Amino acid sequence: MSQIFDLLQDMACSLSQIIFHHKYYFNKYLSQLLYKIKIKINKMDEQAWDKISVDYYSEILSPLKDCKHNPMIDDLSSLDSKKLSVIELGCGIGDLIPFLDENFENVTAIDFSFEMIAQAKERNSQRKTNFLVKDMTQMDDFDKQFDVAVAVNSILTTDITKMNQMIKETYKILKPGGKLFAIIPSMESYIYQNMLFVDHKLEKEPSQKKVIMQASKLLDHKSYDMFQGIINFEGEEQKAFYRFEIIYRFEKAGFTNFKIERVPYRWIKWKEAGHTYFPKESPPWDWYFVCEKPK
């Protein structure tokens, strides 16, 4: 994010010279500035995911490989999918491609990271999947092309406008009656983790105030924006969703017929990712949901 401030500082002198001369030129300059900032942020996002692709499994807690049970696989398997087209939105390094390739007639996979797509292609070189480097906010050329869309922790942007655009574009690319099968991070899991920490500490420490202070420090409460559903992982911000927010945002885009349930993680994987560990309790989870574009 410091790169954004450097960009602003570099342009400050020019802005001060323009602002008092003419309103038209000021507005034009401001529009150009905002556009450059948007491009810069998008580029930074791409670079961050390019770096993650190098050592993907040490960087990412995956609901595909680290969960106890994944209901999305069950639901996709129950479809009469041999005649259906599917697109995976944000395919990463292509973990889900073998399953999709074997079960659907036509498979397309997109990711905005060039390095992710390169690895996905290499790992699935014998598959018929069509791999593309593409941003989920810009899918006009896919209008009403797919029976099924799959998104596994790919709607993570903290930019609300961009997030809503991703959801709208996802709706647009589905055929009438098409379905979205999605997994997204659960904000409730982090609240749940805090609750478990406090409850377990209170069994040995009588001072609730002291325990809450410990929770704030050890769980790094400053890195959580509970109102916006944003988690800061060592400088990298990521969106997490409340259950009610899923219905609100996707219904607003036009989706109907929601089914929402948990994808439970294995506690040991949660621990390996650096989170607190309570193996005797019910595990943390991501949200899995299915919704439909009306016919």
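Bear in mind that the values in this text are calculations on the coordinates, not laboratory data. Quantities reported herein were computed from a predicted structural model and do not represent experimental measurements. Cβ: placed from backbone, ideal geometry, glycine included. Neighbour counts: every protein chain shown.
Are any residues in segment 125-165 touching a residue at least 60 places away in the same chain (Cβ under 8 Å), closer than 22 Å to residue 62 by Cα and among the hydrophobic types (A, V, I, L, M, F, W, C), and if so, which ones?
148, 149, 150, 151, 152, 155, 156, 163
Residues in segment 169-209 that are under 20 Å from residue 280 (Cα atoms), among the hydroxyl-bearing types (Ser, Thr, Tyr) and without any contact (Cβ under 8 Å) to a residue 24 or more places away in the chain: how many?
Residues that pass the stated criteria total 0.
Do we have residue 118 as out of contact with any Ser or Thr (no Cβ under 7 Å at 6 or more places or on another chain), more than 26 Å from residue 79 (Cα to Cα) and not charged (D, E, K, R) here? Can you show your working first?
Numbers: out of contact with any Ser or Thr (no Cβ under 7 Å at 6 or more places or on another chain): yes; more than 26 Å from residue 79 (Cα to Cα): yes; not charged (D, E, K, R): yes.
Here the answer is yes, as residue 118 does meet what is asked.
Would you point out the residue of segment 91-117, among those that are touching a residue at least 60 places away in the same chain (Cβ under 8 Å) and part of a helix (DSSP H, G or I), that is surrounded by the most Cβ atoms within 10 Å (Cβ to Cβ)?
The extreme case among them is 116.
Mind counting the residues in segment 58-90 that are part of a helix (DSSP H, G or I) and in contact with a strand residue (DSSP E or B) (Cβ under 8 Å, 6 or more places away or on another chain)? Full working, then the answer.
Restricting attention to segment 58-90, the residues satisfying the condition of being part of a helix (DSSP H, G or I) are 58-59, 71-77, 81-83.
Filter once more, keeping what is in contact with a strand residue (DSSP E or B) (Cβ under 8 Å, 6 or more places away or on another chain): 71-72, 75-76, 81.
Counting residues in segment 58-90 that are part of a helix (DSSP H, G or I) and in contact with a strand residue (DSSP E or B) (Cβ under 8 Å, 6 or more places away or on another chain) gives 5.
Taking segment 70-85, which residues are within 19 Å of the chain's Cα centre (by Cα) and in contact (Cβ under 8 Å) with a residue 40 or more places away in the chain?
Kept after step one, since they are within 19 Å of the chain's Cα centre (by Cα), are these residues of segment 70-85: 70-73.
Listed by number, the residues that qualify are 70, 71, 72.
Within segment 219-234, work out how many residues are in contact (Cβ under 8 Å) with a residue 24 or more places away in the chain and over 18 Å from residue 284 (Cα atoms).
Of the residues in segment 219-234, 1 are in contact (Cβ under 8 Å) with a residue 24 or more places away in the chain and over 18 Å from residue 284 (Cα atoms).
Can you find a residue that is part of a helix (DSSP H, G or I) and within 17 Å of residue 255 (Cβ to Cβ) anywhere in segment 145-153?
If we filter segment 145-153 for residues that are part of a helix (DSSP H, G or I), which is where we start, we get none.
No: zero hits.
Of the residues 180, 156, 196, only one is surrounded by 15 or more Cβ atoms within 10 Å (Cβ to Cβ) and in contact with a Cys (Cβ under 6 Å, 6 or more places away or on another chain); which? I'd like the intermediate steps shown before the answer.
Details: 156 fails: in contact with a Cys (Cβ under 6 Å, 6 or more places away or on another chain); 196 fails: in contact with a Cys (Cβ under 6 Å, 6 or more places away or on another chain).
Result: 180 is the single residue among 180, 156, 196 that is surrounded by 15 or more Cβ atoms within 10 Å (Cβ to Cβ) and in contact with a Cys (Cβ under 6 Å, 6 or more places away or on another chain).
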